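Below: the structure, in structure tokens.
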Amino acid sequence: MTTPQNPAVLAPPLESTAALLTELITHLRKSRTQLREEWVQRITEAELLTAMTKDEIFAEATSVYDSYVEALETGTLEALQAYARNLSERIIPRGVETHEVVGIVLLLRDVLARSLFAKYRTDFSVLDRVLDAYEPAANRIAITVAVGFVQERERVIREQQEAIRELSTPVLQVRERLLILPIIGLIDPQRARQLTEQLLRGIRTNRAKVVVIDITGVAAMDATVANHLVLTVESARLLGATVIVTGLSPEIAQTLVNIGVDLGKMNTVGDLQGGIEEAERLLGYKVYPTRETPAA
Amino acid sequence: MEVPILKQGPYLIATVQAALTDADLLGLRDALVDRIGQARSRGVIVDVTALDVLDSFATRTLRDLAHMIRLRGAETVIVGIQPEVAFAMAQFGLTLEGITTTLDLEEGLAYLDESLKAKRIG
Amino acid sequence: MPDDRTVLRTEADIVVARQIGRAMAVQLGFSPGDATLIATAISELARNVVQYARQGEVLFTTVSIGGQQGISVTVTDEGPGIDDVAAALQDGFSTSGRLGLGLPGVRRLMDELAIDSKPGHGTTVKVKKWKR
């Protein structure tokens with residue numbers, strides 16, 4: 001019964017159905033206290049929302065009930081979508097799962113349907129038309145809430161993954177104007193992109209003139225990631241920073257050559273220590289080993 | 001819209017605005033070449049901090065600009081390329097090879113100072 | 001999100017086109033980095049039209065397949081058309097010197113590029129980028 005063009009709107013009901021819908025909504029509002037009680041009880045019996053207290057369940061149940069009836073009344077789902085997102089934001093950190101959210105919405109649908117059966121049980125033809133008005137809308141509402149919850153969950157998971165990735169690759173400022181980016185493990189294109197972003201941001205924030213990218217801890221790279229490394233070096237140069245790549249394994253060197261990189265033009269040093277020394281030389285630092293001092 | 005060009009000691013500094021048209025950029029190139037001669041400036045800084053895109057035309061024009069300035073005995077530094085713009089240029093394949101680029105105006109001036117000093121000594 | 005289109009006649013239109021593209025990309029939730037890639041690609045394609053075809057049009061639409069969302073930009077013109085599309089798509093002209101039409105570069109900036117062009121029959125270039 002939803003319009004194909006705009007899924008956020010329930011299709012306008014026919015004349016007689018419209019009158020029935022109004023009657024139905026009035027009934028749902030009048031019976032609010034009782035039906036809400038019944039619903040909360042069914043939620044508890046079904047052992048859903050165990051992560052929440054009775055008071056919390058009651059408070060949310062009230063909001064959901066009211067939003068539900070409002071969606072039936074206005075025929076639009078926007079307010080309900082917004083509420084679903086908001087609710088999801090609050091309960092996901094509490095550990096509430098998808099099947100619980102779907103479960104409670106279906107229970108509400110059933111509780112309301114049963115109360116309609118009870119009210120119109122003496123006249124099947126009216127009951128029939130009431131259900132015709134109620135069912136499609138109720139189903140659409142259930143889907144909206146469930147989808148809203150799932151989308152919010154996916155967003156949270158993505159954010160957490162981002163945060164983990166950021167944490168696992170710090171850009172270190174070791175000396176003034178010198179940044180070190182140690183990379184360990186596997187790099188997929190997405191991680192490569194993130195590293196580049198962090199590095200370029202880091203160059204700007206720290207006003208770095210030299211960056212040492214250490215890939216000792218990286219066993220291999222495919223051509224896409226290798227190419228990305230080259231782009232990173234070029235981008236850093238445009239920001240006024242020189243990049244030194246250290247810890248280049250023979251395999252990765254080969255990959256770079258295969259994609260057409262002139263290793264002679266790339267600034268590479270065998271290991272991180274050597275790379276830092278080269279960086280300091282470029283920056284004009286003179287580092288003396290502890291025992292030796294320059295000739296007076 | 002004309003790009004403002006300031007004289008700061010031995011240098012000319014041009015700060016580009018966001019809504020830069022092709023004509024503005026070409027005009028800047030010509031204006032800098034003229035003024036380098038008049039003011040006997042030793043260095044030019046073009047500050048592109050406000051540019052959110054540097055496409056092939058802009059890159060080509062900046063390269064021409066640097067080349068023409070060098071023919072007049074002065075050096076050009078492009079400063080303030082934004083990180084996202086730098087990456088887009090690299091991805092596209094636009095290089096400013098042979099042209100000095102620095103993070104910002106301060107770095108650009110420091111570079112020109114160093115470079116002038118080196119020229120005097122060497 | 002509604003489609004948008006803009007005309008390409010003068011060099012000022014190039015800036016307008018890429019600003020519309022950037023705004024739409026940002027609204028769709030593309031990262032600032034990706035929005036810049038998209039704006040740069042549009043700038044190149046729009047410039048080709050203004051330079052070689054005198055007049056054309058850009059159409060911006062949102063696309064979605066599976067759960068993925070993206071932006072699609074179609075640049076059309078009634079200009080002279082491209083003689084050798086295959087050559088135009090090759091990296092021969094890139095970097096310094098003549099940049100040609102910059103099509104290989106545009107393809108690197110975007111995820112998909114499709115081109116339809118015949119001498120005397122104008123050119124249509126359609127590029128897409130997907131949100132990551």
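Data table
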| item | result |
| --- | --- |
| Filter result for B:Arg60 (more than 10 Å from chain C (Cβ to nearest Cβ), among the basic types (Lys, Arg) and either within 13 Å of the chain's Cα centre (by Cα) or in a loop (DSSP other than H, G, I, E, B) (or both)) | no |
| Positions within segment A:234-247 being within 11 Å of another protein chain (Cβ to nearest Cβ) and within 9 Å of A:Val211 (Cβ to Cβ), in sequence order | A:Ala236, A:Ala241 |
| Which listed residue, of A:Glu154, A:Glu176, A:Glu135, is charged (D, E, K, R) and outside the structural domain of A:Gly75 (by TED's automatic domain parsing) | A:Glu176 |
| Those strands (runs of 3 or more DSSP E) lying entirely in segment C:1-112 with at least 3 residues β-branched (Val, Ile, Thr) | C:56-65, C:68-77 |
| Residue match in segment A:218-241 (condition: surrounded by fewer than 18 Cβ atoms within 10 Å (Cβ to Cβ) and in contact with a strand residue (DSSP E or B) (Cβ under 6 Å, 6 or more places away or on another chain)) | no |
| Unique match (being under 18 Å from A:Arg36 (Cα atoms), part of a helix (DSSP H, G or I), touching a Lys or Arg at 6+ places or on another chain (Cβ under 8 Å) and at pLDDT 90 or above) among A:Val111, A:Val69 | A:Val111 |
| Any hit, segment A:204-215, residues being surrounded by fewer than 17 Cβ atoms within 10 Å (Cβ to Cβ), away from chain B (no Cβ under 14 Å) and over 21 Å from A:Glu162 (Cβ atoms) | no |
| Residues (at pLDDT below 95, under 14 Å from the mean Cα position of the chain (by Cα) and of a type outside the set (Lys, Arg)) located in segment B:34-46 | B:Ile36, B:Ser41 |
| Any hit, segment B:77-91, residues being of a type in the set (Phe, Trp, Tyr), within 11 Å of chain A (Cβ to nearest Cβ), free of Cβ contacts under 8 Å to residues at least 40 places away in the same chain and under 18 Å from A:Glu234 (Cα atoms) | yes |
| Filter pass, C:Arg54 being without any contact (Cβ under 8 Å) to a residue 60 or more places away in the chain, under 28 Å from B:Leu96 (Cα atoms) and basic (Lys, Arg) | no |
| Positions within segment C:14-31 being free of Cβ contacts under 8 Å to residues at least 40 places away in the same chain and either closer than 24 Å to C:Pro104 by Cβ or of a type in the set (Ser, Thr, Tyr) (or both), in sequence order | C:Ile14, C:Val15, C:Arg18, C:Arg22 |
| Some residue of segment B:103-120 being in a strand (DSSP E or B), within 13 Å of chain A (Cβ to nearest Cβ) and in contact with a helix residue (DSSP H, G or I) (Cβ under 8 Å, 6 or more places away or on another chain) | no |
| Members of segment A:35-49 that are surrounded by fewer than 18 Cβ atoms within 10 Å (Cβ to Cβ), free of Cβ contacts under 8 Å to residues at least 40 places away in the same chain and in contact with a helix residue (DSSP H, G or I) (Cβ under 8 Å, 6 or more places away or on another chain) | A:Thr44 |
| Residue in segment A:218-234 that is among the small types (Gly, Ala, Ser) and under 14 Å from A:Leu181 (Cα atoms) present | no |
| Failed condition for B:Ala19, given (1) more than 14 Å from chain C (Cβ to nearest Cβ); (2) part of a loop (DSSP other than H, G, I, E, B) | (1) |
| Test: residue in segment C:31-43 that is away from chain B (no Cβ under 14 Å) and within 18 Å of C:Arg5 (Cβ to Cβ) | no |
| Residue within segment A:267-277 that is surrounded by 17 or more Cβ atoms within 10 Å (Cβ to Cβ), over 29 Å from B:Glu114 (Cα atoms) and either more than 14 Å from chain B (Cβ to nearest Cβ) or out of contact with any His (no Cβ under 8 Å at 6 or more places or on another chain) (or both) present | no |
| Candidate set from segment A:180-193 (those that are of a type outside the set (Gly, Ala, Ser) and surrounded by 18 or more Cβ atoms within 10 Å (Cβ to Cβ)); member that is farthest from A:Ala241 (Cα to Cα) | A:Ile187 |
| Set B:Thr95, B:Thr102, B:Thr49: member being modelled with pLDDT of 95 or more, among the polar types (S, T, N, Q), surrounded by fewer than 20 Cβ atoms within 10 Å (Cβ to Cβ) and within 13 Å of A:Leu238 (Cα to Cα) | B:Thr49 |
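The values are calculated or read from the model by the stated rules, or taken from the named source; none is laboratory data. Quick caveat, the model's predicted, so the values are computed rather than measured. Using ideal geometry, Cβ is built from the backbone for each residue, glycine included, and neighbour counts are taken over all protein chains shown.
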